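Please read the structure below before turning to the comments.
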Amino acid sequence: MEKTENKVEYGLRNAHYSIVNVDEVTNAVTFGKPERLPGAVTLTMNASGDLIRFKADDIDYYTNPNNQGYEGTLTLARVPEKFRQEVLGEELTEGGVLVEDADAQTKRFALLFEFQGDKKAIRHVMYYCSANRPSEASKTKDGGEVNTTELTVIAGPRPDNNLVKVKTTAGVKDEIYNGWYAAVYEKDSEVPAA
């Protein structure tokens with residue numbers, strides 16, 4: 001039975017991240033268990049890469065897009081301490097203090113999220129992301145306005161197979177859709193392993 005496509009998309013929900021592990025010898029990519037990234041406010045990811053244009057015979061003889069992934073911002077109510085430790089490389093001391101070291105190494109992660117629709121939410125994975133540390137800012141309380149934090153995110157092609165992202169369609173199988181946040185979707189397995 002064919003399922004009906006959404007007419008519209010809106011909202012942002014169920015943001016998760018999954019630590020990326022890359023085998024240094026084979027470049028094989030594996031993913032950790034997805035962790036919830038609560039408080040997602042907005043996500044804006046712009047396509048990155050130029051259109052390659054080769055001129056010959058007084059025409060565009062060859063054109064091809066150069067897909068370098070996406071870059072943009074993820075706005076959160078606040079960046080969770082676990083994300084700061086696991087992805088941004090901040091260290092939690094025994095005394096309960098987060099320490100930011102200028103030499104800390106950040107980790108790559110997969111970003112999972114969904115956009116609502118009039119029929120069914122569309123679930124996404126951007127496979128090979130990196131994030132820059134967020135700015136620190138606040139202001140005097142004035143009414144009910146709360147602070148948000150922006151992460152600059154770059155989502156590039158995976159080193160093992162050049163995949164950038166995937167998203168569900170109207171015809172997605174229930175077992176894939178329902179298991180989306182249990183494990184990062186892999187095309188080769190067609191059903192995420194739990």
Residue satisfying all of: in the range 17-32; of a type in the set (A, V, I, L, M) and in a loop (DSSP other than H, G, I, E, B); nearest to the chain's Cα centre (by Cα) among these: A28
Set T73, T63: member being touching a Lys or Arg at 6+ places or on another chain (Cβ under 7 Å) and either over 23 Å from E186 (Cβ atoms) or not in a loop (DSSP other than H, G, I, E, B) (or both): T63
Residues being open to solvent by less than 30 Å² (accessible area, probe 1.4 Å) and either more than 17 Å from I154 (Cα to Cα) or out of contact with any Ser or Thr (no Cβ under 9 Å at 6 or more places or on another chain) (or both) - total across the range 56-78: 1
Among the residues listed as L88, L151, the single one being surrounded by 19 or more Cβ atoms within 10 Å (Cβ to Cβ), in a loop (DSSP other than H, G, I, E, B), in contact (Cβ under 8 Å) with a residue 24 or more places away in the chain and not acidic (D, E): L88
Subset tally (residues that are in contact with a Phe, Trp or Tyr (Cβ under 6 Å, 6 or more places away or on another chain) and on the phi > 0 side of the Ramachandran plot) for the range 38-85: 0
Residue in the range 104-124 that is out of contact with any Cys (no Cβ under 6 Å at 6 or more places or on another chain), acidic (D, E) and open to solvent by 80 Å² or more (accessible area, probe 1.4 Å) present: no
Residues that are under 24 Å from the mean Cα position of the chain (by Cα) and among the aliphatic types (A, V, I, L, M), drawn from the range 33-60: L37, A40, V41, L43, M45, A47, L51
Residue selected from the range 154-194 under the condition assigned to a helix (DSSP H, G or I), open to solvent by 20 Å² or more (accessible area, probe 1.4 Å) and not polar (S, T, N, Q), by the criterion nearest to G117 (Cα to Cα): Y177
Some residue of the range 66-79 being in contact (Cβ under 8 Å) with a residue 12 or more places away in the chain and more than 22 Å from the chain's Cα centre (by Cα): no
N14 vs. criteria closer than 28 Å to K119 by Cβ, open to solvent by 40 Å² or more (accessible area, probe 1.4 Å), of a type in the set (S, T, N, Q) and in a strand (DSSP E or B): yes
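The values are calculated or read from the model by the stated rules, or taken from the named source; none is laboratory data. What you see is a predicted model, and the numbers here were worked out from it, not measured in a lab. Quick reminder, even Gly has a Cβ in these numbers, built from the backbone with ideal geometry, and neighbours come from all protein chains shown. Remember, those area values only see protein heavy atoms, side chains included, never the ligands or the DNA or RNA. Shrake-Rupley method; radii C 1.70, N 1.55, O 1.52, S 1.80 Å.
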